[in-house]
Amino acid sequence: MLTTRDRWKIYKTACLMFFVAVITLTVLQRGSTYSGAQFREDSPSKQESLSEGVHHMQKKGLLPGTEGFWKASKQASATEKPRVTASRAPRTWDVTTTNCTANFNFTQMEWFGGLESNFKQFLLYRHCRYFPMTINHPEKCKGEIHLLIVVKSIITQYDRREVIRKTWGREKEANGKRIKTLFLLGAPSKEEEKANHQKLLEYEDYKYGDILQWDFMDSFFNLTLKEVHFLKWFSTYCENVHYIFKGDDDVFVSIENIVEFLDGSKIRNLFVGDVLYKAKPIRKKENKYYVPQALYNKTHYPPYAGGGGFLMDGPLARRLFGACETLDLYPIDDVFLGMCLEVLRVTPVKHNAFKTFGLVKNKSSKLNREPCFFKSMIVVHKLLPPDLMRMWKLVNSNLVCSRKVNIL
């Protein structure tokens, strides 16, 4: 039987233990809260610092903002340290719906009324930047790839894709270097093409597995969309691609000469092609590449490579994705890529083996059909499927040339 004194001792002991437990839990909770806050607050502070840095760079004119890009500015030196790094893309294509409405703010501006209908359409929907994928092949970038061949095409030009697969676009592995091929397409632009041609394209892809397709209309102005979609796709899936050749579906390409060139190249931030320097915007309305003053008011374009075919390294392509994100889209894809390179302070390199305007200006000249010249080239534009197949067979036959032009 416990006495009153014994009960009082037990009560005091219990109270003391409870008090110690409360103090211990409080100390532990404060330590945990402090540690958690330290990690949680670190990321926002870095973002704040980064935001201030970008604002400071834009203020000094080192990094153009989207609203000020069209204004004339002094060209930065190509030797300056790049201020845009590789953009961090998601690990999968993260655009699953199309929610794009016209930006009617442009209609309030006086100059907008004087534009041609195609430029009005372009500006109204220029903010619609990314679209869902209808055909995707992320496995194309699995493993280490030395050269990724990327070809712009449209749904109706099956014959061009087929002859490329049989000639310079054939996938292979040479001396342990893997070469892969992809074709880039948008959606059919005509109503009658949507059903039948789309089904044929899906069967073509079932057979070859080399097509990337996005759900935007394939048109001339949307070639820029095709450019930014590929850069986003590449940054998402292709970590181990060393080099990219990107070209049209009506060109002759010597992959052998590309590999030879790359083996001897020590160019950092490699971007090489048929580069145009100080090209002026075309103001004649009847020209395919006409651009109104309201859309681009500078005297010259930045240096850019003709889109018939160019070569760049993988790390630069990933940084280009980040650079292009800082700019509004421009209706001429070759020029737009030159603008992105300008953001990175990278100057494209001109190489005489890239002939995106033909071997010689005179289209009727026999030199444009001389296989010994083609044998020394990297890219020659423009050849339709029968001409491409014929020239490919000649160049890869027992062709005897008096000498090989030393341009590599």
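The values are calculated or read from the model by the stated rules, or taken from the named source; none is laboratory data. As the structure is a computational prediction, the values presented were derived from the model and not from experiment. Cβ placement follows ideal geometry from the backbone for every residue including glycine, while neighbour counts extend to all protein chains displayed. Only protein heavy atoms, including side chains, enter the accessible area calculation; ligands, DNA and RNA are left aside. Shrake-Rupley method; radii C 1.70, N 1.55, O 1.52, S 1.80 Å.
From the list ILE154, ILE179, pick out the single residue that is at negative phi and either open to solvent by 60 Å² or more (accessible area, probe 1.4 Å) or assigned to a helix (DSSP H, G or I) (or both).
Details: ILE179 fails: either open to solvent by 60 Å² or more (accessible area, probe 1.4 Å) or assigned to a helix (DSSP H, G or I) (or both).
It is ILE154.
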Quiz item: Just for region 240-277: of the residues that are at pLDDT below 95, charged (D, E, K, R) and in a loop (DSSP other than H, G, I, E, B), which one is surrounded by the fewest Cβ atoms within 10 Å (Cβ to Cβ)?
Solution: LYS266
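I'm trying to understand the selection: among the residues of region 349-367, which are touching a Leu at 6+ places or on another chain (Cβ under 6 Å) and within 20 Å of VAL275 (Cα to Cα)?
LEU359, VAL360
Take LEU329 and tell me if it is open to solvent by less than 10 Å² (accessible area, probe 1.4 Å), more than 19 Å from PHE271 (Cβ to Cβ), aliphatic (A, V, I, L, M) and part of a loop (DSSP other than H, G, I, E, B).
yes
Out of ARG129, ARG165, ARG170, ARG160, which single residue is open to solvent by 50 Å² or more (accessible area, probe 1.4 Å) and either in contact with a helix residue (DSSP H, G or I) (Cβ under 9 Å, 6 or more places away or on another chain) or touching a residue at least 12 places away in the same chain (Cβ under 8 Å) (or both)?
Working: ARG129 fails: open to solvent by 50 Å² or more (accessible area, probe 1.4 Å); ARG165 fails: open to solvent by 50 Å² or more (accessible area, probe 1.4 Å); ARG160 fails: open to solvent by 50 Å² or more (accessible area, probe 1.4 Å).
Only one candidate passes the filter, namely ARG170.
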Quiz item: Within region 357-371, is even one residue open to solvent by less than 40 Å² (accessible area, probe 1.4 Å), within 18 Å of ILE258 (Cβ to Cβ) and part of a loop (DSSP other than H, G, I, E, B)?
Solution: yes
Exercise. Given the conditions (1) modelled with pLDDT of 95 or more; (2) touching a Phe, Trp or Tyr at 6+ places or on another chain (Cβ under 8 Å); (3) part of a loop (DSSP other than H, G, I, E, B), report the number of the one that ARG345 does not fulfil.
Key: (2)
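Matching residues to (1) touching a residue at least 12 places away in the same chain (Cβ under 8 Å); (2) among the hydroxyl-bearing types (Ser, Thr, Tyr); (3) within 22 Å of CYS238 (Cβ to Cβ):
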position: GLU286; (1), (2), (3): no, no, no
position: VAL291; (1), (2), (3): yes, no, no
position: GLY308; (1), (2), (3): yes, no, no
position: GLY322; (1), (2), (3): yes, no, yes
position: GLY338; (1), (2), (3): yes, no, no
position: GLY358; (1), (2), (3): yes, no, no
